[in-house]
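Below: one structure, written as structure tokens.
What follows draws every value from the coordinates through simple rules; no lab data is involved. Computed from a predicted model, the values in this text were never measured in an experiment. Positions of Cβ are backbone-derived with ideal geometry, glycine not excepted, and every protein chain shown enters the neighbour counts.
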Amino acid sequence: MSVINDHGHTERTPLLINATAPIPPSNPQSPLSPKDSTDEEARNAPTALSTSSNKHAGSKSIGKIVLVLLIGVFISNADGSLMMATHPIVASEFDALHDSSWLLTSFGLAQSATQPLYGKLSDIYGRKSLLIVAYTLFAVGCVFVGVGTSMSHVIIGRVISGLGSSGMTALVSILITDLVPLREIAAWRSYVNVVATTGRSIGGPLGGWLADTVGWRWSFTGQAPLAGIAIILIAITVPPRTTSTNDATTRSKLARIDFLGAILMALTILGFLIPLEIGGDRLPWSHPIIFALFGAAFVFGILFLATEARFAKEPIIPLKLLRQKEMAVSLFIMITQAAAQVGLMMAIPIYFQATTSASNTEAGAHLIPAVVGNAIGGILSGIVIKRTGRYKLLTLSALLFACIGYTLLIVRWHGNTNLFESLYIFPGGFGMGVTISTLFVGVQASIDPAHSAVAASTLYLSNSVGMLMGMAGTSAVLQGTLRKVLERRLGEAGIEGWKRIKIIERAVSDVHYSDHAKRPIPGVVVSSYIEALTYSHFVSLACSLAAFTGTIFLKEHKL
């Protein structure tokens, strides 16, 4: 909730205020002001979860709500890493290993295409209703994956799960923004970050274990009951505060939704991301389809901007929000740093599989320092912002630390990496953990409170887009460079003709190929992987440097 102080500045107050305290006047533009709520909600919301007159009552009430929401955060993040661990197994069952990446990409594309919608729809229909819808979609998608009889069925299930997962993650931060003062947002989000990190850490090993014991299908079907329990707890725990009104008909609510803008936005995102996924792999970058998709993305983007500027009564993403410098810069920082970190997370397991013949479990364990760094960064940023009200210097320091980490990977990771040097991925995770928390707070401090939910979901969209760009960019650099390096090194080793072509194809499709190849091929393949992965680290470094540079231009708002 927002109020205007005596100096004309916007301040935010938590929705779960002291039951005995006077209710401050609300900003009529706030998406969750009592003016826009039903009479029953206006009477109940201030006291719905506050049972005493001390300050701890509100914190305990918020804690109960956040604890329930963390179930979805955990499930959603565990699901992502679970699929990363099992997608070769899933695809192999349908003899479609070459298409296994679509099990990850389809999920990410569905998330990216729908995240901004949740913010706007929750303004119209209420946070609680949209949360239940998101959890339901996620559960249905998991069941669809578990019972799928073909690769296409499983991919459709991943799309449905992605549609729900985007709401499960974005609406948590939106609700936290609704419930607590701005200065405390980062502290509460640090718990979300820790749970998300834990989910990502456990999901991979758990997925591998389940696939080896009860089968991969149960690893997805088993998530549906957890989502069902979360739905029941949300219905009981989350207060019924909403922006909709009792006298508003379904038709009038639907009229507020910018369906055309949503469709054009989704087409723009898909048109841009699909060629990044297929370019250099299934089709050469010079193929006409790649140019056609980028051209279509540009056209749809122009149409989307025109629709939001001239025709949409309530735009999905108000253009005046994107015109704000702080918002635009924050989106740029989020995209570039997310791309840097995901690129790193993709490269690390491959590095240890190629250089030490590590198993999937062992290679995944090498990601733990980055995961721990992410959690520590989120917790530290919450503490610092709550105590000081500052976030820009913290962001700059964290991103500089991340750049140092990426540089160390380039300089030092050339095989035979010892335990201490394996910790060089910690700075990247730390930088990402800090950046997510500080940018969220900075955006909320700089915008009109009426756009709070839309801004939060748009920031999450930029994170998803950055992750997809990081995956696509790193994969393209790794695959393209690896082929060229293998070509050169095999030629230097005196291997020519069809034999060289055969070795290259097997080496790029199987990271463990060197384990059973005859000398001198293993040494050539391993050194080629190391050189190609070094170039992928340059991509992460470039993206992180761009994020650091963007932060310099970020204006800090004292909280």
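On the basis of the beta-carbon distance and an R0 of 30 Å, Leu400 and Leu67 show a calculated FRET efficiency of 0.30. When +1 charges are put on Lys and Arg Cβ atoms and -1 charges on Asp and Glu Cβ atoms, the dipole computed for segment 58-138 relative to its Cα centre reaches about 700 debye.
The stretch between Arg256 and Asp95, if pulled fully straight at 0.36 nm per residue, gains 53.4 nm over its current Cα-Cα span. With the cut-off at under 19 Å, measuring from each backbone N in segment 327-347 to a point 7 Å along the Cα-to-Cβ line of Leu408 picks out 340-347.
Each of Glu556 and Leu322 was given a label point 7 Å from its Cα along the Cα-to-Cβ line. The distance between the two points is 3.0 nm. In plain terms, the chain from Ile501 to Trp218 could stretch by 97.9 nm, reckoned as 0.36 nm per residue minus the Cα-Cα distance. Take each peptide in 311-320, 122-131, count the other Cβ atoms within 10 Å of every residue, and average; sorted highest first, the result is 122-131, 311-320. With the charge dipole of segment 72-158 set up from +1 on Lys and Arg Cβ and -1 on Asp and Glu Cβ about the Cα centre, the Cα lying farthest toward the positive end among the listed residues Val90, His153, Gly80 is that of Gly80. Counting only Cβ charges, +1 for Lys and Arg and -1 for Asp and Glu, the dipole size of segment 320-559 around its Cα centre is about 400 debye.
Cross-link check: pairs Lys128/Lys313; Lys64/Lys120; Lys325/Lys558; Lys128/Lys558; Lys120/Lys325; Lys64/Lys555 evaluated at a Cα-Cα cut-off of 28 Å; pairs beyond the cut-off: Lys128/Lys558; Lys64/Lys555. By the beta-carbon count within 10 Å of each Cβ, the least crowded to most crowded order of Trp498, Trp216, Trp102, fewest first, is Trp498, Trp102, Trp216. Neighbour counts of other Cβ atoms within 10 Å put Leu171, Leu104 in the fewest-to-most order Leu104, Leu171.
Taking neighbour Cβ counts within 10 Å as the exposure measure, how do Lys325, Lys64 sort from fewest upward?
Least to most surrounded, the residues fall as Lys325, Lys64.
Computed across segment 320-559, the Kirkwood radius stands at 18.9 Å (inverse of mean 1/r, all Cα pairs).
Computed from backbone phi, the HN-Hα couplings of segment 72-82 come to x, 4, 5, 4, 4, 6, 5, 4, x, 6, 4 Hz, rounded to whole numbers (Karplus: 6.51 cos²θ - 1.76 cosθ + 1.60, θ = phi - 60°; Gly and Pro given as x).
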